[in-house]
Amino acid sequence: MPNDLISHAENPAASADTPKPIPAMLTGRALQSLRESGYTLAAALGEVIDNSLEANANQIKIDLREVQRGKRKAIDRIVVADDGDGMSDNVLHHYLQLGFSTRYMSETTIGKFGVGAKLAALNFSTRIDVWTKTRTSDTVRHVWFDLAEALNTEDNGLDVTIAPPDDKPLPVDLVPLFPQKSGTLVAWSNIDRLADGSGPHTPGNLRQEIEKELARIFREFLYGGIELRVNDRMLLPHDPTFVRERTWADKVLADEYARRATDKTSVPEHFAPTRVYFNDMIRVDDHEVGLVITLAPREAVRRRGLGGDELAKKLRLPDNQGQISFMRLGREISYTNVPRIFPKGVEDPDRFIGVEVHFSPALDRMMGVRNVKRGAEPSDDFRSALREKLVQWIPVARQEIQDIWGEADRRGGIAAGEHDDINQAVAQVNTKLPKTRVAPPGDDSDATSVDELLELLASDTGRNTEEEKRDYVEKTKKLPVVIESVDLPGTGLFDIIHTHEISIVRLNTRHRFYRQMYQPLRALSKGESVSAKDGTAAARRAVEALTLLIVAYARAETMCDDPNESYGELRQWWGSFTDKFLAKIKDVID
């Protein structure tokens, strides 16, 4: 018999003082140490959501329970509930076992290492309870783990174990969160890492942070139709590339546009990227990796100096500066600034550039994926391939941003005030014309004030400082009608806001009528040098455009059931005011 198989009893040379084998790990203390895994709350919750998605969940609910602690509120329990397949007793028994996974080292699933959900929970709490039910079961089953009890057990010289599943019922207040047919509910309690409820740990700050992070991390699933709620607020996908539709950015931009526009039907449903520079596979050795490089919509880029204002913050643009999103099976595992990857370093305009990398778990080693699916440290080969594309397209994107800003600067400097002469002339003539019949707002009206409307118009026309806005409002609010050329989304020719005091007309500089008729004629009127051929072409196009303007108005009337009844009086007034203005206003344009 080999010596290493002889027991101490059979080996006379063995001394009673010979050391005995010891456990390779002090489980309780090891878990206590592993609490310092460095998870953010959003990343920790992401580990549980991963399990829900792998279990075929369509609806996932996160509930943050707040309690009063002295003068502050704090979170004292976190729950994640899903309507997935649930777990059998065998799987449930092992669910809280560190290293266990039904998908251990899989290269086709999100989960892989069997440690994420356990470490994530222990990062913030000391007790985990799990209830689950499968479609074929009539009962809800339960397992639990308590770190404080585990440490006590270990101190008493006993092994730390996980008890088999039991039938402990759900707490009454958790019953509404549990799905009807099948699913799983994970509850973290005895939360001690967020207990102070101060600063970033206030419930409001934590909720906003996890909403923002989870909406970005799981954007592909949210875009696909998976529902993810935080305290019953359904998350919209947050897409730094702006490629996906029905996103958080679409809502923010639509709300902003609707706030400024009177024609709500013209609000776009999707604000697409200004440019998609690259959306294809790149080869790294014998592997293919997806890469997307985009430029944010013009409505987000806007004008120079606005990349950190309130709208930009709502769009989360400052967070995006120089960041690269690594998507593993459609799940973001890293959103980071990779050192020395952007040509000439990261610049302020880069917040408008979206960079997204897609890869499969088979490339985890090349991408430097860690065992908790947080962070990526890509190989030198991949960095070289990625940098090659970024060197090609980032300068192009930066230049386009500068072009957009330059165009906005020109609109602000040239288009701003280009109708001042007409505005003043109309004001003088208007004193002898029929007066407005627009009713003043009632005492309980929440209508935007004239000053507020004019401040928005001042911003739209490049008057950005408070002094410029104030001067513009004071000068303009005395006018009966003000028209300005403004960059507007959509295909509307103009937008009109009527108040009892003033009518505000915004002529769309994007519209073909403005670009093909108004701008060329304006250039001719200023004596800019053009050839006889170009001048004749501009005049011919102007005649066409004016004729088509009237024809288009006639067609627009046919969108009403009874245009003669609805618009007959409008036509009379329009014709009358046109006649009077043409008769009394002439040669006022400088």
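The values are calculated or read from the model by the stated rules, or taken from the named source; none is laboratory data. Owing to the predicted nature of the structure, the values given are computational and were not obtained by experimental measurement. Glycine gets a Cβ as well: all are built from the backbone with ideal geometry, and neighbour counts include every protein chain shown.
Every residue, every condition in (1) part of a loop (DSSP other than H, G, I, E, B); (2) under 21 Å from residue 213 (Cβ atoms); (3) touching a Gly at 6+ places or on another chain (Cβ under 6 Å); (4) among the acidic types (Asp, Glu), yes or no:
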residue	(1), (2), (3), (4)
278	no, no, no, no
293	no, no, no, no
335	no, yes, no, no
343	yes, no, no, no
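With the requirement that a residue be touching a Ser or Thr at 6+ places or on another chain (Cβ under 8 Å) and of a type in the set (D, E, K, R), what does segment 117-156 give you? Across segment 117-156, the qualifying residues are 127, 129, 133, 135, 141, 146, 154.
Yes or no, residue by residue, for (1) at pLDDT 85 or above; (2) of a type in the set (S, T, N, Q); (3) touching a Leu at 6+ places or on another chain (Cβ under 9 Å):
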site: 70; (1), (2), (3): no, no, no
site: 76; (1), (2), (3): yes, no, yes
site: 79; (1), (2), (3): yes, no, yes
site: 83; (1), (2), (3): yes, no, no
site: 86; (1), (2), (3): yes, no, yes
site: 94; (1), (2), (3): yes, no, no
site: 102; (1), (2), (3): no, yes, no
site: 105; (1), (2), (3): no, no, no
site: 117; (1), (2), (3): no, no, yes
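Residue 186 fulfils the conditions (1) of a type in the set (Val, Ile, Thr); (2) surrounded by fewer than 13 Cβ atoms within 10 Å (Cβ to Cβ); (3) in contact (Cβ under 8 Å) with a residue 12 or more places away in the chain except for a single criterion, (2). In segment 301-310, is there at least one residue being in the same structural domain as residue 350 (by TED's automatic domain parsing), assigned to a helix (DSSP H, G or I) and surrounded by 13 or more Cβ atoms within 10 Å (Cβ to Cβ)? Yes, the conditions are met somewhere in segment 301-310.
So which strands (runs of 3 or more DSSP E) are wholly in segment 415-526 and hold at least 1 residues that are modelled with pLDDT of 85 or more and basic (Lys, Arg)? I'd like the intermediate steps shown before the answer.
Numbers: elements: 481-486, 494-498, 503-508.
Strands (runs of 3 or more DSSP E) meeting the threshold: 503-508.
Residues in segment 229-242 include at least one that is of a type in the set (Val, Ile, Thr), surrounded by 14 or more Cβ atoms within 10 Å (Cβ to Cβ) and closer than 27 Å to residue 65 by Cα.
Can you tell me how many residues within segment 314-335 are exposed (fewer than 15 other Cβ atoms within 10 Å of the Cβ) and out of contact with any Asp or Glu (no Cβ under 9 Å at 6 or more places or on another chain)? Explain how you work it out, then say what you get.
First, the residues of segment 314-335 that are exposed (fewer than 15 other Cβ atoms within 10 Å of the Cβ): 318, 330.
Checking which are out of contact with any Asp or Glu (no Cβ under 9 Å at 6 or more places or on another chain) leaves us with 318.
So the count comes out to 1.
All conditions but one from (1) in a helix (DSSP H, G or I); (2) more than 30 Å from residue 453 (Cβ to Cβ) apply to residue 561; the one that does not is (1).
Taking the numbered list (1) crowded, with 18+ Cβ neighbours inside 10 Å; (2) within 28 Å of the chain's Cα centre (by Cα); (3) farther than 24 Å from residue 306 by Cα in turn, residue 476 passes all entries but (2). Looking at residue 471, is it surrounded by 19 or more Cβ atoms within 10 Å (Cβ to Cβ), charged (D, E, K, R) and within 25 Å of residue 305 (Cα to Cα)? Answer is no for this residue.
Look at residue 387 and say whether it is surrounded by fewer than 20 Cβ atoms within 10 Å (Cβ to Cβ), of a type outside the set (Val, Ile, Thr) and modelled with pLDDT under 90. Break it down into steps so the answer makes sense when it comes.
Working: surrounded by fewer than 20 Cβ atoms within 10 Å (Cβ to Cβ): yes; of a type outside the set (Val, Ile, Thr): yes; modelled with pLDDT under 90: no.
So residue 387 does not fit the description; no.
Which one is farthest from residue 420 (Cα to Cα), of the residues in segment 564-588 that are of a type in the set (A, V, I, L, M, F, W, C) and in a helix (DSSP H, G or I)? Looking at residues that are of a type in the set (A, V, I, L, M, F, W, C) and in a helix (DSSP H, G or I), I get 570.
Being hydroxyl-bearing (Ser, Thr, Tyr) and touching an Asp or Glu at 6+ places or on another chain (Cβ under 9 Å) is the filter here, so list the residues in segment 37-76 that pass it. Correct list: 39, 40, 52. In segment 503-513, the condition of being of a type in the set (Val, Ile, Thr) and closer than 22 Å to residue 579 by Cα is met by at least one residue. A search for C-beta distances below 9 Å between a residue of segment 375-390 that is farther than 16 Å from residue 325 by Cβ and part of a loop (DSSP other than H, G, I, E, B) and any residue that is at pLDDT below 95 and β-branched (Val, Ile, Thr), counting only pairs 6+ apart in sequence or on different chains, returns 379/284.
Can you go through 229, 283 and tell me which one is of a type in the set (D, E, K, R) and farther than 25 Å from residue 50 by Cβ? Spell out how you get there, then give the answer.
Details: 229 fails: farther than 25 Å from residue 50 by Cβ.
That would be 283, the only listed residue that is of a type in the set (D, E, K, R) and farther than 25 Å from residue 50 by Cβ.
Taken together, 211, 245, 269 contain a single residue that is assigned to a loop (DSSP other than H, G, I, E, B) and more than 30 Å from residue 453 (Cβ to Cβ), which is 245.
Which residue, of 220, 227, is acidic (Asp, Glu), in the same structural domain as residue 68 (by TED's automatic domain parsing) and under 15 Å from the mean Cα position of the chain (by Cα)? Going through 220, 227 in turn, just one is acidic (Asp, Glu), in the same structural domain as residue 68 (by TED's automatic domain parsing) and under 15 Å from the mean Cα position of the chain (by Cα): 220.
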